Amino acid sequence: MNPAERMSGMGGVLIAALLWGTTGTAATFAPGVSAVAIGAVAMGVGGILQALIALRGIARHRATLRHHWRMLLTGALAVAVYPLAFYASMHLAGVTVGTVISIGSAPLLSALIEYGLDGQRLTRRWMTGAAAGVAGMVLLCLAESAHSSSTAQQSEVITGIALGLLAGLTYALYSWAARHLMQRGIPSRTAMGATFGFGGIMLMPVLFATGAPLLASWNNAAVGIYMALVPMFIGYLYYGYGLARIPASMATTITLLEPAVAAVLAVVIVGERLPALGWGGIGLIVACLLWITVPVKRRRLAQA
């Protein structure tokens, strides 16, 4: 992979992260819609749209996709679970904490998946960065728990954090699965369209069961349309473009920009407040991002 392609891949993932960072704030403008319904309409409709624009490629590569059906099914199941866990995490733990835990844990889990399933080596530098990232998430969780005024609220935060970790795991898993399909000769748009299309179909029963409030007002409908079209459809087109050019672990690490965007929007627009300990946790997660990616990027560019 030449440096120009690698840089363009990183740019695609960066744009995706900026778009994804708006989802938590956008969801707060439809308070009458459940987190499950938001997740189902966002990833469900967005995934089916991706499949529709990739329909020719899916038909052309159907034999290869059928041959690697286990990889495709793994990615599709992860796509279906991810938005339900992600939006429920933000609903219970807050936009800032839910996003930071979900996205902040993904690079670490992605590297562990590549280590366990692909045999990629975990370097000492990676382990040091991972330790900083985990410490940051712990500080963030402690800060939010201390900030909660009741046992019930603390229980909700803990549940939200657990769901955020599940979201991080499924995010890492579908990125890994889609990347593997691409490495087997399937174009990025086709691999993403098939993975997200099947995942979107799995989410349709959830949307039919919970999505009635989306039609209750123009405001709710507008939020649903925005979530499906902008961050999920357009955002994942950019993400698929980038994922075809850089490793899944690097792509998920670059998307750590998303929590920073989400945190700023949550404070400025939603009015959330985070204690100083929590901001310290976010700082450690950002440090983890820089520590893991910057030296690796330089070394790989030098070898390319």
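Observations, loosely collected:
- Of the set (1) under 22 Å from ILE254 (Cα atoms); (2) of a type in the set (A, V, I, L, M, F, W, C); (3) free of Cβ contacts under 8 Å to residues at least 24 places away in the same chain, all apply to ILE161 but (3).
- Output for segment 188-206, where each listed residue is surrounded by fewer than 21 Cβ atoms within 10 Å (Cβ to Cβ) and either within 19 Å of ALA35 (Cα to Cα) or out of contact with any Leu (no Cβ under 9 Å at 6 or more places or on another chain) (or both): ILE201, MET202, MET204, PRO205, VAL206
- Of the set (1) surrounded by fewer than 18 Cβ atoms within 10 Å (Cβ to Cβ); (2) closer than 16 Å to ALA248 by Cβ, all apply to SER105 but (1).
- Against the test of being buried (at least 19 other Cβ atoms within 10 Å of the Cβ), touching a residue at least 12 places away in the same chain (Cβ under 8 Å) and farther than 23 Å from ALA221 by Cα, the options GLY9, GLY39, GLY44, GLY21 yield a single qualifying residue, GLY9.
- Where SER110 falls short, out of the listed (1) over 16 Å from the mean Cα position of the chain (by Cα); (2) crowded, with 24+ Cβ neighbours inside 10 Å; (3) polar (S, T, N, Q): (1)
- Against the test of being touching a residue at least 40 places away in the same chain (Cβ under 8 Å) and basic (Lys, Arg), the options ARG60, ARG70 yield a single qualifying residue, ARG60.
- For segment 208-231, the criterion of being β-branched (Val, Ile, Thr) and under 23 Å from LEU72 (Cβ atoms) is met by no residue.
Readers should treat all values here as calculations from the given coordinates under stated rules, not as data from a laboratory. These numbers come from a predicted model, not from an experiment. We place every Cβ from the backbone using ideal geometry, glycine too, and count neighbours over all the protein chains shown.
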